[in-house]
Amino acid sequence: MENFKTNNSRRAFLKSSLLAGGGLMISFSGLAKFSLDGKINAADLPGEWYELTGYIKITQDNIIKIFNPNPEFGQNVMTSLPMIVAEELDVDWKKVVVEMGPHDNVKLGPQFTGGSNSVRMYWKPLRDAGAAARNMIITAAAQTWNVPAEEITTKAGMLYHEKTGKSGTYGEFASKASAIPIPKEVKLKDVKDFNVVRHSQKNVEGVKIVTGKPLFGLDYTQEGTLIAMIEHPPAFGMKVKSFDAAETLKMPGIKDVFTLKLYEDGYEQAGFDTRTFNDLLVVVGATTWEVMNARKKLKVTWEPKGDTKDKMAGRGGSREVLVPGALESTATHFAKMKEYAAKPAQLLRKDGDPETAFKNAAKVIERTYNAPFLAHNCMEPMNCFAHVADDKALIVGPHQAASWIEPTLSKVLNLPADKIDMQITRMGGGFGLRAYGHTFVEAAIISKKVKAPVKLMYTREDDMTYGIYRPMYTATYRAAFDANKNLIAFHVKGGGIPENPIHANRFPAGAVDNYLAEGWEIPSNITIGAFRAPRSNFNAAAEQSFLDEVAEVMGKDPIEFRLELLKRAKENPVGKNNEYDADRYAEVLRLVKEKSGWSDAANKQYSRGVAAYFCHNSYAAHVVDVVKKDGQPFVERVTSVVDCGIVINPDAATNMVQGAVVDGIGNALYGEQTFKEGVPEKNNFTRYRMIRHREAPKKIDVHFVQNDINPTGLGEPPFPPIFAAVANALYKSEKKRFYNQPFSAEFQKKA
Amino acid sequence: MAAINLNVNGKTVTVDVDPATPVLWVLRDHLNLVGTKFGCGMAQCGACTIHLNGNAVRSCTLPVSAVKNNAIVTIEGISETGDHPLQQAWEELDVSQCGYCQAGQIMSAASLLKRNPKPTDKDIDNAMSGNICRCGTHVRIRKAIHLAAKTQSKK
Ligand code: FES
Ligand code: FES
């Protein structure tokens with residue numbers, strides 16, 4: 001506190017930050033228009049900010065601001081990424097002010113949240129930035145004090161020169177340091193000297209969240225903003241033919257009703273430009289409730305869209321993708337999947353001679369696993385603010401990848417990218433859905449058309465029936481055994497609508513002599529997209545359930561059986577390109593066995609299931625303990641082990657794993673979107689079942705493998721294996737195998 | 001349209017709206033109190049939970065005309081300085097992930113603690129099962145409610 005000696009306004013700031021933060025750190029939103037805490041505004045902060053490396057700003061009074069470069073959707077990067085900078089900068093974390101960075105790829109890197117990549121991709125750049133800034137401050141002090149830089153030490157934002165007894169704050173040298181060129185090479189801290197990273201730090205926005213401050217895209221507005229909603233077709237494969245808005249326009253507050261095209265004909269879509277419905281029927285009015293109500297008065301005639309072609313940008317030029325027009329139903333999906341599963345498929349990987357091995361086998365087992373389309377159901381429905389003028393645009397909203405959507409906006413609005421100011425808000429969940437840009441384009445073209453600031457709002461129904469779902473998947477697994485019940489061949493053939501899920505080079509590839517992986521796809525007009533651990537979330541569920549049965553046939557403990565396979569993969573791997581590290585994979589299994597008391601007699605009261613998986617460069621294993629509650633199986637306890645390398649913020653990482661476990665249990669037991677004649681049958685939480693408090697486990701114990709490996713993904717890896725751990729525990733509890741998600745459909749039928 | 005008087009977070013305010021407008025949208029669109037969240041609009045997710053005379057209600061299906069003289073409290077008004085025992089417990093246990101559902105969770109929990117200062121796990125599950133959290137913070141929420149109950153009992 002002594003560092004802040006002068007200036008009354010600063011004292012006022014500190015006082016209110018203590019009040020608001022309960023003595024903890026406090027963060028500021030980078031969005032000027034947010035009224036923040038009501039009392040504090042980033043602009044009120046004292047003095048001039050000196051910028052060091054783009055990620056750091058320091059005032060003369062030694063207030064240190066660190067920008068979080070990457071969008072926050074609950075994975076806590078707003079805290080963990082600045083922690084990495086603070087570590088190398090060598091400052092007192094409690095005195096750091098964190099702010100969401102502006103959208104600026106030159107200064108702040110790729111700014112993309114997804115693929116469990118935030119920490120992995122920013123680890124090195126943020127360490128470098130922190131270390132470089134520290135280095136620049138030391139150089140400035142060395143010049144001022146006229147002493148060799150090597151003799152200066154730092155601690156918690158202070159500089160010391162022992163020989164002369166000189167000391168000073170970073171802030172005193174910030175101005176001078178900001179003029180020093182960023183060094184090309186810097187020395188990073190030894191991992192064992194970390195005192196911010198690897199120590200649990202509270203969510204920097206925790207206080208704001210629990211006091212209801214405006215943080216999310218949905219909370220953003222400006223004076224004079226109109227509300228827009230889009231009436232999209234009731235079914236995939238339909239489009240608007242004509243509409244009568246007379247009644248709607250008579251409703252209070254309504255300004256306009258019109259149609260717009262999302263993309264003009266012939267538009268070449270980039271990877272995340274998914275368009276579900278291209279013809280937008282838009283209602284614009286003064287307030288949300290007025291627009292919601294008036295929209296109901298629209299009289300719309302819909303017509304089949306027919307087969308269409310999408311032009312997709314790709315490496316080596318654009319390609320055309322046929323989108324079938326027929327209206328699809330879940331029943332016909334199943335029939336079609338059966339038909340495709342019986343046909344020859346694309347070869348993905350082959351080791352040894354699986355055909356002969358299966359032919360000569362003493363025993364073969366074959367099992368088929370199915371999983372439905374899933375809606376993301378982020379708790380914050382899709383929304384976006386846009387104010388598009390002739391020569392510039394302001395776009396504010398919850399997006400995982402502003403950098404991907406900006407080029408699209410630039411094309412659609414015909415504005416150079418530097419005239420588009422995209423601001424990144426906190427997201428009320430994302431799970432992959434918010435990597436897609438349609439909401440942003442929709443808001444922008446609506447604003448352009450009505451020449452006013454517009455807030456595009458999706459209702460829950462809009463959100464749940466719009467598509468970009470987790471695809472529908474199926475996979476058939478076969479295992480061949482010799483007369484001694486040794487596993488001699490393994491075959492997986494998987495497919496999906498519209499995407500093949502199989503990761504051919506993942507475990508148990510590499511551990512079985514004769515191995516075959518094949519895949520196929522069925523085109524569809526139901527749009528799909530990334531959903532927390534794409535493809536893995538199904539593969540793990542199927543493969544890890546199947547391995548449980550294989551172990552059973554062989555009369556082996558499911559953990560020991562996997563460890564044997566991994567030993568083989570390590571010592572004498574089969575084939576090439578095996579994606580996983582057998583040692584790290586085995587370690588999470590060994591640790592989950594120990595931590596869960598897998599072999600303890602005391603745990604016999606539980607129906608227990610185990611599963612492990614590798615994805616997004618990390619390893620996860622769970623043991624699920626099921627009991628009967630009110631006659632129904634209930635996941636009471638889960639033990640989880642994750643190896644994601646160095647854990648930046650242990651308690652927050654634990655929270656993330658616990659969340660993945662609950663989310664996984666919920667989706668495994670209840671998650672499902674189904675269709676009838678193109679109509680999504682679940683359009684709100686009345687029919688789309690989400691896990692509830694009474695269904696969440698009582699206890700989730702999380703353990704991290706301790707190592708010094710550079711950090712890898714965490715948001716996704718613990719999610720896929722929980723599905724199979726649940727299925728394997730349910731088998732013990734219900735004495736039958738569960739092959740079809742959502743699993744609860746089966747035990748509830750019985751009840 | 002009608003002028004309607006409301007008591008929100010201890011202050012009297014007047015809004016000129018269609019009397020059928022749900023309280024959620026009066027708060028968000030007219031009073032700029034955006035801590036109360038929209039999640040489903042059908043009383044299914046709890047994101048919009050507020051207190052009406054101290055009881056948790058879903059503001060997304062509560063027409064403003066039905067409020068009458070009953071006092072509305074939102075997340076912004078549950079404590080002056082963010083130090084309600086539940087808010088403190090949420091901080092202490094770092095409950096939030098994306099955070100979007102948490103205002104609603106806290107409002108449901110606050111009304112539970114008022115009725116039942118020492119809830120069991122089962123009481124918590126029953127009172128909280130109307131609040132969805134896609135991020136899966138359930139285990140921490142349960143723990144935080146117990147913690148807040150303890151703090152409160154010491155006061
Ligand atoms: S928005 Fe009111 S309960 Fe969901
Ligand atoms: S914290 Fe994200 S929905 Fe609950």
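Name the single residue, out of those in the stretch B:82-137 being under 13 Å from the mean Cα position of the chain (by Cα) and among the polar types (S, T, N, Q), that is farthest from the other protein chains (Cβ to nearest Cβ).
B:Ser111
When you look at A:Arg470, is it charged (D, E, K, R) and under 30 Å from A:Glu380 (Cα atoms), yes or no?
Here the answer is yes, as A:Arg470 does meet what is asked.
Just to verify a result, which residue in the stretch A:442-469, among those that are among the charged types (D, E, K, R) and within 14 Å of another protein chain (Cβ to nearest Cβ), is surrounded by the fewest Cβ atoms within 10 Å (Cβ to Cβ)?
So, considering only residues that are among the charged types (D, E, K, R) and within 14 Å of another protein chain (Cβ to nearest Cβ), the one surrounded by the fewest Cβ atoms within 10 Å (Cβ to Cβ) is A:Glu461.
Checking A:Gly224 against (1) touching a residue at least 12 places away in the same chain (Cβ under 8 Å); (2) in contact with an Asp or Glu (Cβ under 7 Å, 6 or more places away or on another chain), which single condition isn't satisfied?
With (1) touching a residue at least 12 places away in the same chain (Cβ under 8 Å); (2) in contact with an Asp or Glu (Cβ under 7 Å, 6 or more places away or on another chain) applied to A:Gly224, the lone miss is (2).
Could you tell me whether A:Ala696 is away from every other protein chain (no Cβ under 14 Å), surrounded by 18 or more Cβ atoms within 10 Å (Cβ to Cβ) and modelled with pLDDT of 95 or more?
Spelling it out, it is not the case that A:Ala696 is away from every other protein chain (no Cβ under 14 Å), surrounded by 18 or more Cβ atoms within 10 Å (Cβ to Cβ) and modelled with pLDDT of 95 or more.
Scan the stretch A:189-207 residue by residue and report those that are of a type outside the set (Phe, Trp, Tyr), surrounded by 16 or more Cβ atoms within 10 Å (Cβ to Cβ) and more than 21 Å from A:Gly74 (Cβ to Cβ).
Across the stretch A:189-207, the qualifying residues are A:Lys189, A:Val196, A:Arg198.
Residues B:Thr61, B:Thr120, B:Thr81: which one is within 16 Å of ligand 1 (Cβ to nearest atom) and of a type in the set (Val, Ile, Thr)?
B:Thr61 is the lone residue from the list that is within 16 Å of ligand 1 (Cβ to nearest atom) and of a type in the set (Val, Ile, Thr).
Within the stretch B:121-142, is even one residue closer than 17 Å to A:Thr211 by Cα and not basic (Lys, Arg)?
yes
Filter the stretch A:103-121 down to the residues that are closer than 18 Å to A:Gly715 by Cβ, assigned to a helix (DSSP H, G or I) and out of contact with any helix residue (DSSP H, G or I) (no Cβ under 8 Å at 6 or more places or on another chain) and list them by number.
Residues satisfying the conditions are A:Arg120, A:Met121.
Restricting to the stretch A:208-218, name every residue that is buried (at least 24 other Cβ atoms within 10 Å of the Cβ) and within 23 Å of A:Val441 (Cα to Cα).
Selection gives A:Leu215, A:Gly217, A:Leu218.
Which members of the stretch A:582-641 meet the condition of being assigned to a strand (DSSP E or B) and of a type in the set (Phe, Trp, Tyr)? Working first, answer last.
Step one: of the stretch A:582-641, the residues assigned to a strand (DSSP E or B) are A:607-615, A:618-629, A:632-641.
Once the filter is applied, which keeps residues that are assigned to a strand (DSSP E or B) and of a type in the set (Phe, Trp, Tyr), the stretch A:582-641 yields A:Tyr613, A:Phe614, A:Tyr619, A:Phe634.
I need the full set of residues from the stretch A:555-567 which are farther than 19 Å from A:Val705 by Cβ and surrounded by 18 or more Cβ atoms within 10 Å (Cβ to Cβ), in order please.
The answer is A:Pro558, A:Phe561, A:Leu565.
Hey, can you tell me all the residues within the stretch A:412-441 that are buried (at least 24 other Cβ atoms within 10 Å of the Cβ), more than 16 Å from ligand 2 (Cβ to nearest atom) and not aliphatic (A, V, I, L, M)?
The answer is A:Tyr436, A:Gly437, A:His438, A:Thr439, A:Phe440.
Just name the residue that is nearest to A:Gly659 (Cα to Cα) out of those in the stretch A:696-751 that are among the acidic types (Asp, Glu) and part of a loop (DSSP other than H, G, I, E, B).
Once the filter is applied, the top-ranked residue is A:Glu716.
Conditions first: (1) within 11 Å of ligand 1 (Cβ to nearest atom); (2) more than 30 Å from A:Val657 (Cα to Cα); (3) more than 10 Å from chain A (Cβ to nearest Cβ). B:Ala71 passes all but one, so which condition is the exception?
Tallying (1) within 11 Å of ligand 1 (Cβ to nearest atom); (2) more than 30 Å from A:Val657 (Cα to Cα); (3) more than 10 Å from chain A (Cβ to nearest Cβ), B:Ala71 fails exactly one: (1).
Kindly indicate the residue of the stretch B:44-61 that is over 21 Å from B:Leu113 (Cα atoms) and out of contact with any Leu (no Cβ under 7 Å at 6 or more places or on another chain) and also farthest from ligand 2 (Cβ to nearest atom) among those meeting that condition.
B:Thr61
Just need a number here: residues in the stretch B:89-128 that are within 14 Å of ligand 2 (Cβ to nearest atom), part of a loop (DSSP other than H, G, I, E, B) and not hydrophobic (A, V, I, L, M, F, W, C).
5
Considering every residue within the stretch A:678-698, establish whether at least one is of a type in the set (Val, Ile, Thr), within 23 Å of the chain's Cα centre (by Cα) and not assigned by TED's automatic domain parsing to the domain that holds A:Asp190.
yes
The values are calculated or read from the model by the stated rules, or taken from the named source; none is laboratory data. As the structure is a computational prediction, the values presented were derived from the model and not from experiment. Here the Cβ is made from the backbone with ideal geometry for all residues, glycine too, and neighbour counts use every protein chain on show.
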